[in-house]
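Please read the structure below before turning to the comments.
The values are calculated or read from the model by the stated rules, or taken from the named source; none is laboratory data. Computed from a predicted structure; not experimentally measured. Here Cβ is always computed from backbone atoms with ideal geometry, including for glycine, and neighbour counts include all displayed protein chains.
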Amino acid sequence: MIIDAHQHFWHYHPESHSWIDDSMQVIRKDFLPDELAVILNANGIDGCIAVQADQSKNETDFLIGLSQKYNFIKAVIGWVDLKAEDLEEQLTYLKQFSILKGFRHILQAEEPDFMLSKEFLKGIKLLQEYGYCYEILIYPKHLPASIKLVNQFPDMRFVIDHIAKPNIKEKQISEWQKGIESFGKHKNVFCKLSGMVTEADWENWSPSDFEPYLTIVKETFGFKRLMYGSDWPVCLLAADYKIQLELCHRFLGNCLDQEFEMVMGGNAMQFYKI
């Protein structure tokens, strides 16, 4: 099964999607499953993982509701306040929805130490106890704190979104490389080949821009811990669905069939327990 391990749905609203600034007019509208279903079918994709884009309880309910209507949504990554005093009560309620596989917070908008606070760590511990995974959405400056987080939970399933968002546009690599390579020995940490085109020059990128970064994540995680993700519709800022998919196919062009199948779906099915 071919799985797009990272995409979003939303009813666009200026307040809840305030991160969509004036430079992102192309995604200032609704993006819903009927539209994505056509795209996935045209590109030979069997299913997807719907990931939160808004930090609210309603977002989690919204994505779960969509998954009940569209069976190509194979898993949901929601949002929950990991510092909430009633977190365990919330997780007990949410556990009835088997489609919900884990959670994400927009850590890239926080200071690095946010993820190392006592309350946040307690929340991660509860996620682990309830069998959920956690998605790490960060910039390179957050990588040192992220490795400290991961070190405390060797049995927790983590995945790094968007290869930790290196500044591909400016070809900055050293700080990111040092941080990302720290995850190599942590077999419980996976990495998504997603969100790369929007870290490059939206108008003038070329496939070669991504090669050094992709080489490093391949050497760090190996094919068994990498997953393809489109980051649709955010990818539309720099590339349509087919073009960003071709970048991943180009990267996997010389690998074995088994390795291709793992990155393009097998690893996601394992990680999300689909």
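Okay, here's what the table says:
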item	result
Looking only at the range 1-18, and only at residues there that are under 19 Å from L63 (Cα atoms) and among the hydrophobic types (A, V, I, L, M, F, W, C), the one that is nearest to the chain's Cα centre (by Cα)	A5
S230 part of a loop (DSSP other than H, G, I, E, B), of a type in the set (S, T, Y) and closer than 27 Å to Q270 by Cβ	yes
Meets criteria (free of Cβ contacts under 8 Å to residues at least 12 places away in the same chain, of a type in the set (S, T, N, Q) and either farther than 22 Å from Q7 by Cα or buried (at least 17 other Cβ atoms within 10 Å of the Cβ) (or both)) for Q96	yes
Filter result (within 17 Å of V159 (Cβ to Cβ), assigned to a loop (DSSP other than H, G, I, E, B) and touching a residue at least 12 places away in the same chain (Cβ under 8 Å)) within the range 169-189	G184, H186, K187, N188
Index of the failed condition, K218 passing every other in (1) under 18 Å from the mean Cα position of the chain (by Cα); (2) within 30 Å of V38 (Cα to Cα)	(2)
Those residues of the range 190-209 which are within 21 Å of the chain's Cα centre (by Cα), charged (D, E, K, R) and part of a loop (DSSP other than H, G, I, E, B), in sequence order	D201
Filter result (surrounded by fewer than 18 Cβ atoms within 10 Å (Cβ to Cβ) and either under 19 Å from A238 (Cβ atoms) or in contact with a helix residue (DSSP H, G or I) (Cβ under 7 Å, 6 or more places away or on another chain) (or both)) within the range 13-26	H17, W19, D21, D22, S23, M24, Q25, V26
Criterion (in a loop (DSSP other than H, G, I, E, B), over 17 Å from the mean Cα position of the chain (by Cα) and on the phi < 0 side of the Ramachandran plot) met by exactly one of P144, P166, P154	P154
Residue pairs meeting the criteria (Cβ under 7 Å; at least 6 apart or on separate chains; first closer than 14 Å to H105 by Cα, in the range 36-59; second loosely packed, with under 15 Cβ neighbours inside 10 Å and among the aromatic types (F, W, Y))	none
Residue check for T198: surrounded by fewer than 22 Cβ atoms within 10 Å (Cβ to Cβ) and in contact with a Gly (Cβ under 9 Å, 6 or more places away or on another chain)	no
Those residues of the range 122-160 which are in contact with a Cys (Cβ under 6 Å, 6 or more places away or on another chain) and surrounded by fewer than 22 Cβ atoms within 10 Å (Cβ to Cβ), in sequence order	R157
Residue count for the range 21-32, restricted to those that are under 21 Å from K192 (Cβ atoms) and within 19 Å of the chain's Cα centre (by Cα)	2
Residue within the range 179-194 that is out of contact with any Cys (no Cβ under 8 Å at 6 or more places or on another chain), surrounded by fewer than 19 Cβ atoms within 10 Å (Cβ to Cβ) and under 26 Å from I20 (Cβ atoms) present	no
Residue ID - modelled with the highest pLDDT, chosen from residues in the range 240-274 that are crowded, with 20+ Cβ neighbours inside 10 Å and part of a loop (DSSP other than H, G, I, E, B)	Y272
Unmet criterion (only one of (1) touching a Ser or Thr at 6+ places or on another chain (Cβ under 8 Å); (2) not in a helix (DSSP H, G or I)) for G102	(1)
